[in-house]
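Read the structure below first, then the notes.
The values are calculated or read from the model by the stated rules, or taken from the named source; none is laboratory data. Please read these numbers as outputs of a predicted model, since none were measured by experiment. FYI the Cβ positions are ideal-geometry reconstructions off the backbone, even for glycines, and counts take in every protein chain you see.
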Amino acid sequence: MVTSPSALASEIGASILRSGGNAVEAAVAVAIALGVTYPHFCGLGGDAFLLVSGKDGEVISISGIGQSARNITGYESQLPTRGPRSMLTSAGALSAYENAFEYSCKKLHGRKRWKDLFDPSIELARNGFEISESERFWLGFREQEKSQLPDIFEHFTDPSGLPYKSEQYVRRADLAHTLSRVAHSGSQDFYMGELAKEFACHFKEVGGPLDLDDLAITKARVEPALKIRYRQGTLYAHPPPTQGVTTLEIMGILNQFDLQKIQEGSANHYHLLIEAIKLAFIDRNRFLGDPDFADVPIDWLLSLDHLKQLSQQVDLKKARSWPDVFQHGDTVFVGTVDAMGNSVSLLATVYFDWGSGVVMGDTGIIWHNRGAAFSLDPTHPNVLRPGKRPFHTLNPGLYLKDNGAKIIYGTQGADGQPQTLAAILTRLIDYDMTPLAALSSPRFLLGKTFSSSTENLKIEENVGANVMTSLELMDHKLEVLSALNPLMGHPDAILVDPQGNVQGAHDPRSDGLAIKVS
């Protein structure tokens, strides 16, 4: 099975599986395709993360995080969020994909060539495709920021400078050419070869801080995944500087409560999730950063003693007051499962929608602005330093049940990712809902979003009037959003039962697709 936010990309992954490819090969092919069909959210100019679970039960994490420039002069007082100066970190996505491909070849008996994973996307970009509603939405959403995003409104509008209509086809010849080069040479050209030199020249021309040496030292990391027990299984996530530990901490707090005694979708259900999230976010904002530069107490954060202590701080009748730091970002999730029992949970990102807003010359690649996630507080573990990896909101996940069942899951949504995952995981694990039912159910988002600067609790109106009234009586400050609101993130989930039967779904809040491959 394959699931992603783009039906075109999902079909490319499904075709890889049908022709004998494995879950890793399919996931990488889908991620490459999403750089074509969803360039506003991801691409080779960004970062990427994979959790790979082999049929033998081994789980590894691959973190493709670009480090900051060695020269950070001029960033003492401000971190730009758009434009050339926001291109503060290298791009780790391609290195992550190459590491995943090598793992597939060595450990999973992969049959596909590197080139095979790029060919469908090259053809798609060269021949054209119908533009997604998501891309049209996010271009329109940024219409008022047109002056800050000149490259985007030049390269991603029709020849007359107008947004593409939904029935129009778009071709991306520059990106097709770049993908062809990478398909032929791997990451060598991208990080150290002629393509890297083109990037370095463009950085210098527009005033970005990165140079050729910064690109050359960019390397994804392959590490053991973090894990925590939850009910009758084990949850896995990426290590810092991602907030994978935060999602695990939320679930570890919830594991101290018997959700069977709490009705799904009730005010008490939402309240408990929200209060667990607040406590984990406090730890996140205090401790998370690049472990190469900061002491991140992972073992303590996930220890049973700490989780029990946090659970005792939850007031089941009253909401904790909540101002908190908002982490921006946009992302795509890819989930794959193959017939051999291997599975992949993948997230890719350019941080803000449209990243830095800078298109790298005639390569067709948008460079990300992940460096804006750093802190300038010298006492903070995520403070900007030369060659440091920034804090990441991305955290794709896996759940392996003791009986052999598994769940592959992840979501777009920045600060909302752990919140969305907590809602989905409790519905899948504690309430035994199907993936589609779990993804379709009403959700919430605590704190700021793309469209609101308030710190209140956004909640979809279809939770019902009684639930909203009860939450307000618990002192939650509500902002009601429409049902199936796209600001609530776009998660995917694949559920594999102990017999190997597969079912999956993509969130109906966006235009993606889950495809079952027979």
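Of the listed requirements (1) outside the structural domain of I253 (by TED's automatic domain parsing); (2) under 25 Å from E455 (Cα atoms), I365 misses just one: (2). Screening E102 with (1) assigned to a loop (DSSP other than H, G, I, E, B); (2) free of Cβ contacts under 8 Å to residues at least 40 places away in the same chain gives one miss only, at (1).
Annotation note: Cβ proximity below 7 Å between a residue of the stretch 408-432 that is in the same structural domain as A48 (by TED's automatic domain parsing) and at positive phi and a residue that is surrounded by fewer than 24 Cβ atoms within 10 Å (Cβ to Cβ) and at pLDDT 95 or above (sequence gap 6+ or interchain) occurs for no pair.
Does D283 satisfy the condition of being surrounded by 17 or more Cβ atoms within 10 Å (Cβ to Cβ) and not in a loop (DSSP other than H, G, I, E, B)? I'd like the intermediate steps shown before the answer.
Numbers: surrounded by 17 or more Cβ atoms within 10 Å (Cβ to Cβ): yes; not in a loop (DSSP other than H, G, I, E, B): yes.
So D283 fits the description; yes.
With respect to the conditions (1) in contact (Cβ under 8 Å) with a residue 60 or more places away in the chain; (2) aliphatic (A, V, I, L, M); (3) farther than 27 Å from G387 by Cα, I217 falls short on a single one, namely (3).
Given the criteria farther than 29 Å from L495 by Cα, surrounded by fewer than 15 Cβ atoms within 10 Å (Cβ to Cβ) and in contact with an Asp or Glu (Cβ under 6 Å, 6 or more places away or on another chain), does K388 qualify?
Numbers: farther than 29 Å from L495 by Cα: yes; surrounded by fewer than 15 Cβ atoms within 10 Å (Cβ to Cβ): no; in contact with an Asp or Glu (Cβ under 6 Å, 6 or more places away or on another chain): yes.
So K388 does not fit the description; no.
The residue list D295, D290 contains one member that is outside the structural domain of F352 (by TED's automatic domain parsing) and surrounded by fewer than 19 Cβ atoms within 10 Å (Cβ to Cβ), which is D295. Would a scan of the stretch 473-483 turn up a residue that is assigned to a helix (DSSP H, G or I) and either closer than 23 Å to A280 by Cα or modelled with pLDDT of 95 or more (or both)? Within the stretch 473-483, one or more residues are assigned to a helix (DSSP H, G or I) and either closer than 23 Å to A280 by Cα or modelled with pLDDT of 95 or more (or both). What is the one condition in (1) on the phi > 0 side of the Ramachandran plot; (2) among the small types (G, A, S); (3) assigned to a helix (DSSP H, G or I) that A27 does not satisfy? Looking at each condition in turn, A27 falls short on (1). Within the stretch 319-336, the set of residues being exposed (fewer than 13 other Cβ atoms within 10 Å of the Cβ) and either modelled with pLDDT of 95 or more or of a type in the set (S, T, N, Q) (or both) comprises just one member, S321.
Scanning the stretch 484-498 for residues that are within 14 Å of the chain's Cα centre (by Cα), on the phi < 0 side of the Ramachandran plot and in a loop (DSSP other than H, G, I, E, B) yields H490, P491. The residue that is surrounded by the fewest Cβ atoms within 10 Å (Cβ to Cβ), counting only those in the stretch 225-266 that are part of a helix (DSSP H, G or I) and of a type in the set (D, E, K, R), is K261.
Scanning the stretch 337-393 for residues that are under 14 Å from S86 (Cα atoms) and assigned to a strand (DSSP E or B) yields a total of 7.
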